[in-house]
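The values are calculated or read from the model by the stated rules, or taken from the named source; none is laboratory data. Please read these numbers as outputs of a predicted model, since none were measured by experiment. When we count neighbours, we look across all protein chains shown, and the Cβ atoms used for this are built from the backbone with ideal geometry, even at glycine.
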Amino acid sequence: MSRAILGLWACAAAAVAQPVSLSDVRQLTHGGQNAEAYWAPDGKRLIFQTTRTPYDCDQIFLMNRDGSDQHLVSTGKGRTTCAYFLKDNRHIVYASTHLAGDACPTPPDRSKGYVWGVFSGYDIFLATDQGEVEKRLTEAPGYDAEATVNWKTGNIIYTSLASGDLDLWSMKADGSGKRQITKTTGYDGGAVYSRDGTKLVWRANYPQTPEEMARYKGLLADNLTAPMKMELMVAKADGSDAHAITHFGCASFAPTFTPDGKQILFSSNRHDCDSRHFELYLINVDGTGLQKVTDWGGFTSFPEFSPDGKTLVFCSDRGAKERYEFNIFTAKWK
């Protein structure tokens, strides 16, 4: 993930439990901007996005679970984000702007504050794990990205501007059966299913005042958003019974369910609001039992459990040698 996306992300006064230990921490990448690594269904490979020479913005790479054999599987054109394996272990989905142009999209105008570009050229593509694009899955005007897959049902959840707002949508792996899941005005994104496919968790920013709404809609008209205040939402897979499980007033994002579906691991700066200092936290699906998992003092995010539930993959600037360096790590989960 690029530095723009990585940076997007009155702290709550509730006490937080002592950090949970991670053991056998291993660094898989070394240098550049590497993020959003997700497991293959067999647990032997990881797919991730990276900005590294000779590419000027994020492209999609694959590697073995030990970090070996890192290689390009996107087109090498445009900007990409949010790749995920399908349940057959041989196909992937990811968002890319390559149909809108070979060059990287123009970065957001920071004169409007710390904003994130929701580039209109993004669409979601189905490809083989060898990098052959087989199908364009989304064709609605505007942003379509942030796709993840539930391996039990085969359904894809993603963020789209198809309704005119940044809502969650679902579809089948061939792009059929598109269905709008959220309808509240505001940003909904970064959604994942529980392993059994019955629940969803995602990050959201819903404007609460006329001033906040005007700013949100004004930025969106310019294909921008500024989700510095995000809470975690949980719902049934069809979007019903949606409710917030955090109320920190800070930035919480990159949630993932524990394998048993009873807890959610996520990244937040609740300990240092409005900063770029993010740690991993664990919380029950009902919003109770908050625990701090890492305490490394920098940026740590994008966790996901391996298919067997024994290993965690995540992104961090831990031990970075340069500013804006982010690497991918694994650790044993207890």
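Some notes on this structure:
- Elements of the type strands (runs of 3 or more DSSP E) sitting completely within segment 187-301 and holding at least 2 residues that are farther than 28 Å from Phe326 by Cβ: these cover 231-236.
- In segment 57-70, the residues that are charged (D, E, K, R) and either outside any loop (DSSP other than H, G, I, E, B) or surrounded by 11 or more Cβ atoms within 10 Å (Cβ to Cβ) (or both): Asp58, Arg65, Asp66
- Out of Ser275, Ser252, Ser316, sole residue that is small (Gly, Ala, Ser), surrounded by fewer than 23 Cβ atoms within 10 Å (Cβ to Cβ) and either within 22 Å of Tyr193 (Cβ to Cβ) or out of contact with any helix residue (DSSP H, G or I) (no Cβ under 8 Å at 6 or more places or on another chain) (or both): Ser275
- The residue that is nearest to the chain's Cα centre (by Cα), among those in segment 298-334 that are farther than 21 Å from Arg203 by Cα and small (Gly, Ala, Ser), is Ser306.
- Sole residue being within 21 Å of the chain's Cα centre (by Cα), farther than 21 Å from Asp56 by Cα and crowded, with 19+ Cβ neighbours inside 10 Å, chosen from Tyr122, Tyr94, Tyr84: Tyr84
- Sole residue being acidic (Asp, Glu) and farther than 22 Å from His30 by Cα, chosen from Asp272, Asp295: Asp272
- Subset of segment 151-176 [on the phi < 0 side of the Ramachandran plot, in a loop (DSSP other than H, G, I, E, B) and surrounded by fewer than 22 Cβ atoms within 10 Å (Cβ to Cβ)]: Trp151, Lys152, Thr153, Asn155, Leu161, Ala162, Ser163, Asp165, Lys172, Ala173, Asp174, Ser176
- Residue match in segment 103-110 (condition: over 19 Å from the mean Cα position of the chain (by Cα), assigned to a loop (DSSP other than H, G, I, E, B), over 19 Å from Ile156 (Cα atoms) and among the aliphatic types (A, V, I, L, M)): yes
- Among residues of segment 321-334 being exposed (fewer than 15 other Cβ atoms within 10 Å of the Cβ) and not in a strand (DSSP E or B), the one that is modelled with the lowest pLDDT is Lys334.
- Flag if Leu126 is within 25 Å of Ile264 (Cα to Cα), among the aliphatic types (A, V, I, L, M), at pLDDT 95 or above and part of a strand (DSSP E or B): no
- Flag for Val115 being buried (at least 17 other Cβ atoms within 10 Å of the Cβ), among the aliphatic types (A, V, I, L, M) and modelled with pLDDT under 95: yes
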